[in-house]
Amino acid sequence: MQPRDKQFPDAPLAATVRDLGPTCLGLLARITPNSVATKLYLLAVLILTAIVGMATASVHFSQLTSDAADRVHQQGFIGLVTATDLEVTLHRHRRIVESAPAEVDRATIALDRESLTGLAGRLATLAAGIEREEVRNAVDAMALSAVLPELFKLGERVLHYAENFAQNQALDTAAIYSTTAGVLQKRIDRYRTGRIEIARNEAARVSVEAHGFVRWITLCVLCVLLVLGPLSVSITRRIVSRLAKIQHVTLRLAADDTSVVVPSTLDPDEIGDIARAVDIFKCNAIALLDYRRQIEQTNLEFSVALEHMSQGLCMFDKGKRVVVSNRRYGELYGLAPDSIRPGTSLAEIIEMRLAKGVFPRGKLQDYARERLEDARTLSHQVDELSNDRTISIVRRSMPDGGWVTTHEDVTELRRAEARIKHLAHHDALTDLANRVQLRSRAAECVAALERQQKFALLCLDLDHFKDVNDTLGHPVGDELLKLVADRLRHCVRSTDLVARIGGDEFAILQIGIEGEDDVLRLARRLIEHISEPYLVGEHKCLIGVSIGIAMAPRHGGESEELARRGDLALYRAKEAGRGGYRVFDETMEQDRNAKLGIAADLRGAISQNELHLVYQPIVDLESRTIGGFEALMRWRHPGRGLIPPRDFIPIAEETGLINSLGIWALNEATREAASWRQPARIAVNLSPVQFKHRDIAQIVIDALTASGLAPHLLELEITESVLLHNTQATLAALHRLRAFGVRIALDDFGTGYSSLSYLQNFPFDAIKIDQSFVRNLATRSGSVAIIRLVAALANSFGMETVAEGVETASQLALIKSAGCTHAQGYFFSRPVPSGLIAQVHETCTELLDAAA
Ligand code: C2E
Ligand code: CA
Ligand code: CA
């Protein structure tokens, strides 16, 4: 989540601090009428004013007091002292003068004169001082000096009279003197009184000032008490209460309670600013809390992810100590989950692992040392542990000197890889070598030819395996293949290689042979062992093996060439009847080449009009008439002459040409049969390949439609192998044809798997017993019994039984006695061109009559 306030887009706390500085400075700078600062300043100014007022009053009062004291001292006290001094001096002067008339001693008088002179000087000085004082203070002058000369003159005279013993005159003069002295005394008294008055006045003034001062002080104190007190208390209370609320909010915010509402945010003063700052702080706190919650959630998710990782993870710091690890890490090395904690050292972990015995196999000695040394350097390694687990370790170093390792148990992966590697060279079912391994070993053997090391390639193909597989199912087939593989392994030496190269195809590299005898012995041993019965579950299976042999260097010095030649020999072995072996020889290759030539020529055979059909009668033994004709294909090759079907039909089947040949035969045969004057059935052979590739039912219906032949006159001859493969689609096609009216005959019965169950599975119209049975009638006693059994069974299902290859009258008699309803063979007629059919009708009737 983003912080809400745009002012704090990132690192909100730092930004808050950064921005609070200017905010505070702003507070000081901004003194508005409503600001707290203004109020506080106002309060301070008021208090200062009160203090200044009181101080001024005090100074004023002290000045007044000091002035008054000065004046009392100057004008009162000094005046009084001077007056007293003057009075005392005057008094002494008077005593001398007034006592002089009675003095008779001239010496004393002389002394008195002297004293008087001194006293007169003093008096004059004092009087002059007073007069100067009076002048300075501009007060009424006592005119003391004005009396003094008279007084002194009178005093002189008194002394003069007394010296001269003129007592009367002295007394008289003394009386005048006393009067003058009295005047002076009065003036001194008045002066003193004046001085006292001044002192009294000053004292009164000071008293008045003191009262004023007290009033002023009282006023100021009252002012402070009545005005400033309540004002400051109210201001302080308002500020403090709001601050207290904000402080409370701040404390709750600090305790992560963001539900609080910040008060005073609308206040225009500094507290409002603080409140707004706190509000911003709150927004940031909310953002921070969200951020913290996110981090906690992320941490939680991280730990859950860490704990549920399939890989073990361990992070180390540069001191080789665990920073973080997950449970899987401990599990991988068999360590208890709580044994690896942050702070656990790598050395401890290694020690624990050694104690548990979980360390890379064969590395016990050096393990601890190596691991500690290259802890940081390795980037990837795979440890095969002593507990059979394989751990892939990836290390990544981190910028801070630490590293992180991830540990993955790749045991299963490794096993799977090994298995895949094994499968790449082995057959999954039998665990024998596969074609790839065979090829590379063959190449090795070819290389070893230089060292005179001969070897042989035996190509094996199981006989009748397909029948087992198709009738008993793939699971049984697979089991059988495994048993075959086991037997093959037992037949060869450990140096030889047995490979499975196809469904029921195997190959053996017999290495280090002396001569052909070694190989033939092995081939015989193989045939003998493989041909022994198998028990797969409750099924007893009988199969055989055909072997083609190519030897090196006799038959080639290249593995491809040898493989091809071994295959050719195998082909020949199969051709020659199963359960045998053939060693390659040059003629096989010539034959093969001839076959390839035939295949090439066959492509043009239809368009070149080289094909034609011949017809062999199928005789109805009961009605003793010709029941129908089997159409057999012939190829007149421009160079090779007439080529029998056994030489080109298999090639046509291999190459797929049988499809067009088959369509041609169907059209040709139905067209021919439709043209017969004496209506007869026409039997057409269908190859199993035709059922694989085409919508055979439609092709047949098209041929009937095109020819206009009645469907019941067409009989399709199919072999058991048609039913073995592609059963569902094949059965559907056959049923469709049968529903259309076409007859279906089972050809060559007794050559394949010869399961009588087919007779139950599909309602054939006829069964053609293979000519090999008829041929062996005379020699093998069992043959008659088999023919009888088949004929009886077929009869019970309402099917006809055709004995093929009847060449003699005795054979005819035997098959007739065995219950066959029809017969076909040279005894009646060889296959003939269409032009001879009428003739065949005649000869056959004759033969039947003769046989009867
Ligand atoms: P098949 O269907 O069993 O045909 C009967 C074969 O037995 C014919 O050989 C016939 O000439 C031969 N045969 C008949 N009577 C006697 C006898 O008394 N003694 C002896 N030894 N042989 C007798 P052919 O014509 O050489 O055909 C061989 C096989 O080629 C046929 O066997 C059939 O499987 C196949 N074939 C012939 N024509 C066609 C065809 O048009 N289409 C298909 N798909 N296969 C055909
Ligand atoms: Ca046939
Ligand atoms: Ca046949």
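Test P763 against the stated conditions and say whether it is away from ligand 1 (no atom under 15 Å from the Cβ) and of a type outside the set (G, A, S).
Here the answer is yes, as P763 does meet what is asked.
Note on segment 762-827: enclosed helices (runs of 4 or more DSSP H) holding 1 or more residues that are touching a residue at least 24 places away in the same chain (Cβ under 8 Å) and within 16 Å of ligand 2 (Cβ to nearest atom) are 771-775. Scanning segment 556-566 for residues that are crowded, with 17+ Cβ neighbours inside 10 Å, in contact with an Asp or Glu (Cβ under 7 Å, 6 or more places away or on another chain) and closer than 16 Å to A499 by Cβ turns up nothing.
When segment 654-669 is filtered for residues that are closer than 15 Å to L596 by Cβ and part of a helix (DSSP H, G or I), the ones remaining, listed by number, are E654, T655. Inspection of segment 792-808 identifies no residue that is more than 60 Å from the chain's Cα centre (by Cα), surrounded by 17 or more Cβ atoms within 10 Å (Cβ to Cβ), away from ligand 3 (no atom under 16 Å from the Cβ) and at positive phi. Exactly one residue among P650, P617 is within 16 Å of ligand 2 (Cβ to nearest atom), in contact with a Ser or Thr (Cβ under 6 Å, 6 or more places away or on another chain), not acidic (D, E) and not in a loop (DSSP other than H, G, I, E, B), and that residue is P617. Across segment 719-733, the qualifying residues are those that are closer than 28 Å to A674 by Cβ and within 16 Å of ligand 2 (Cβ to nearest atom), and the one among them that is surrounded by the fewest Cβ atoms within 10 Å (Cβ to Cβ) is T719. Looking only at residues in segment 719-738 that are touching a residue at least 40 places away in the same chain (Cβ under 8 Å) and more than 22 Å from V468 (Cβ to Cβ), the one that is farthest from the chain's Cα centre (by Cα) is L737. With respect to the conditions (1) in contact with a Ser or Thr (Cβ under 7 Å, 6 or more places away or on another chain); (2) in a strand (DSSP E or B); (3) surrounded by fewer than 18 Cβ atoms within 10 Å (Cβ to Cβ); (4) not β-branched (V, I, T), E622 lacks only one, and its number is (2). Of A673, A683, all but one fail to be in a strand (DSSP E or B), within 16 Å of ligand 2 (Cβ to nearest atom) and touching a strand residue (DSSP E or B) at 6+ places or on another chain (Cβ under 6 Å); the exception is A683. Screening A665, A605, A599 for residues that are modelled with pLDDT under 95 and either surrounded by 20 or more Cβ atoms within 10 Å (Cβ to Cβ) or closer than 30 Å to T801 by Cα (or both) leaves exactly one candidate, A605.
Please verify whether L716 is within 60 Å of the chain's Cα centre (by Cα), in contact (Cβ under 8 Å) with a residue 24 or more places away in the chain and surrounded by 14 or more Cβ atoms within 10 Å (Cβ to Cβ), treating the condition exactly as stated. For L716, the condition - within 60 Å of the chain's Cα centre (by Cα), in contact (Cβ under 8 Å) with a residue 24 or more places away in the chain and surrounded by 14 or more Cβ atoms within 10 Å (Cβ to Cβ) - is not met.
Annotation for segment 474-482: at least one member residue is free of Cβ contacts under 8 Å to residues at least 40 places away in the same chain, in contact with a Gly (Cβ under 9 Å, 6 or more places away or on another chain) and surrounded by fewer than 15 Cβ atoms within 10 Å (Cβ to Cβ). Of the numbered criteria (1) away from ligand 1 (no atom under 16 Å from the Cβ); (2) in contact with a strand residue (DSSP E or B) (Cβ under 7 Å, 6 or more places away or on another chain); (3) modelled with pLDDT under 90, the one T727 fails is (2).
The values are calculated or read from the model by the stated rules, or taken from the named source; none is laboratory data. Model, not experiment: these values are computed from the prediction. Glycine gets a Cβ as well: all are built from the backbone with ideal geometry, and neighbour counts include every protein chain shown.
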